[in-house]
C-alpha cells in the first residue's frame, strides 16, 4: 500500500513553561481522512494532542496505521522532514493548523499579577514551503483556510497562489468558521467547488494515488 503522511490539529508554540500560542483547530478533518484512507494506504498520522485523542481505537488497530504526537511548529517540521525523506514518493496531506509566529520562550513560568505583559513574536518556518525540497516527487495536498469575509473567488485566488508557491498537487480550501459549507479543491487543471465538507473529502480521497 502507498505510504501516506497526514498532519492534523494545531501546533502549540511555547511562550513559557506552561503557556503556548495555538489555533482553534481540533484535528477532526485529519482524523476523518485517516479513517477513510487507512484501508487503502499505510497511514502515519501526525497529530496534536487533541487530534490524537480523537483517533478511535478501531483506527489505531488497523494494519499499517501509526500515530505520533507533535507539539510546536519546529517539532512538527522535524517530524515531517524525517518521514518525508524516508518516503520520498509517498503522499503528504498537510491539514494541520501551523503557527505562523513563535516567541522566544521563557524556560520557567512568567510571573502572574503584572498590570501589563508585552510579548514579542517573530515568524515561524513555513513548513509546507519545505516539502518539495525534501521530496520533489511526493504527492502533496496542502490546506488553506481563508478569512470569514472572503468570497469564493477570493478564496480560490489565495488557494491558487499557495498551489504555485508550494508546488502542491491539490489545495483544499475553505473559509474559517464554515467548514461545513463550500469547499474548493484547487489543482493546476482547474477548481471544483463542493457544497459540503464531506463531499470534498470524498472527492479528495478519490484523487490520491492508490
Give just the number: which of (1) surrounded by 22 or more Cβ atoms within 10 Å (Cβ to Cβ); (2) modelled with pLDDT under 95 does residue 18 not satisfy?
(1)
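Residue-by-condition table, conditions (1) surrounded by 13 or more Cβ atoms within 10 Å (Cβ to Cβ); (2) not in a helix (DSSP H, G or I):
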residue: 118; (1), (2): no, yes
residue: 131; (1), (2): yes, no
residue: 141; (1), (2): yes, yes
residue: 144; (1), (2): yes, yes
residue: 172; (1), (2): yes, yes
residue: 200; (1), (2): yes, no
residue: 203; (1), (2): yes, no
Would you mind finding the one in 23, 66, 34 that is touching a strand residue (DSSP E or B) at 6+ places or on another chain (Cβ under 7 Å), touching a residue at least 12 places away in the same chain (Cβ under 8 Å) and closer than 24 Å to residue 124 by Cβ?
23
Please identify the pairs in which a residue from the range 76-90 that is touching a residue at least 24 places away in the same chain (Cβ under 8 Å) has its Cβ atom under 6 Å from the Cβ atom of a residue that is assigned to a helix (DSSP H, G or I), counting only partners at least 6 apart or on another chain.
77/127; 81/134; 84/134; 85/134
Would you point out the residue of the range 21-31, among those that are crowded, with 19+ Cβ neighbours inside 10 Å and within 13 Å of the chain's Cα centre (by Cα), that is farthest from residue 144 (Cα to Cα)?
31
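The values are calculated or read from the model by the stated rules, or taken from the named source; none is laboratory data. Computed from a prediction, not measured in an experiment: that's the story for all the values here. Positions of Cβ are generated from backbone atoms using ideal geometry, with glycine treated the same way; all protein chains shown enter the neighbour counts.
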